[in-house]
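Some notes on the structure that comes next.
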Amino acid sequence: YAEAVKWFRRAADQGDAAAQNNLGVCYKNGQGVAQSYAEAVKWYRRAADQGLAAAQCNLGVCYENGQGVAQSYAEAVKWFRRAADQGNATAQRRLGFCYRFGRGVKEDLSQAKKWLQLSANQGDALAKGMLDNMKE
């Protein structure tokens with residue numbers, strides 16, 4: 001991991017969004033670097049601001065869980081929506097979950113089903129399971 005971090009950092013410092021996101025993942029998980037949610041958020045945000053859907057979703061998760069930032073469902077929803085609008089299945093599922101339980105948005109089962117279905121259509125088994133549970 002340390003070697004990967006070295007190369008991710010070189011590319012990230014040159015503005016490569018994918019490398020910035022990967023470096024964020026390394027910091028979040030403590031892989032090749034000391035674990036730091038604050039550093040993960042810093043790198044996710046750089047990539048997210050460039051429009052990288054995976055980083056937007058990862059940043060949303062940080063806000064959802066209060067990791068490296070103050071916990072905020074509203075901020076999580078903002079980032080999940082940006083990634084979901086780009087077709088990121090994980091963000092679509094997480095956004096559907098937010099609508100299902102009224103986290104950061106008003107509870108809206110129609111919107112929950114919409115986003116969960118989009119995610120399930122891409123093969124997300126968790127989204128499919130949530131949809132099945134909603135039908136019961």
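The values are calculated or read from the model by the stated rules, or taken from the named source; none is laboratory data. Every value quoted in this text rests on a predicted model; they were computed, and no experiment measured them. Cβ: placed from backbone, ideal geometry, glycine included. Neighbour counts: every protein chain shown. In case anyone asks, the SASA skips ligands and DNA or RNA and just uses the protein heavy atoms, side chains included. Shrake-Rupley method; radii C 1.70, N 1.55, O 1.52, S 1.80 Å.
Compared with the dominant principal axis of the Cα atoms in the chain, helix 125-135 is inclined by about 20°.
Compared with the dominant Cα axis of the chain, that is its longest principal axis, helix 2-13 is turned about 80°. Only lysine pairs 8 or more places apart or on separate chains count here, and in the chain those with Cα atoms under 14 Å apart total 6.
With all protein chains in place and a 1.4 Å probe, the accessible surface of the chain carries 48 percent carbon and sulfur.
Assuming charge only on the beta carbon of Lys and Arg (+1) and of Asp and Glu (-1), the dipole of the chain about its Cα centre is about 120 debye to the nearest 20. Let me know the shape class of the chain, please: from the alpha-carbon gyration tensor, a ≥ b ≥ c as square roots of the eigenvalues, rounded when a/c is under 1.5, otherwise prolate if a/b is greater than b/c, or oblate. Verdict is prolate for the chain. Per residue, region 33-81 exposes 40 Å² of accessible surface when a 1.4 Å probe is rolled over the protein heavy atoms with every protein chain present.
Quarter the surface of the alpha carbon convex hull of region 1-69 and you get the mean projected area, 3.7 square nanometres.
Loop-resident trypsin sites (Lys or Arg not before Pro) (DSSP state other than H, G, I, E or B) in region 62-136 with no more than 10 further Cβ atoms inside 10 Å of their Cβ: Lys106.
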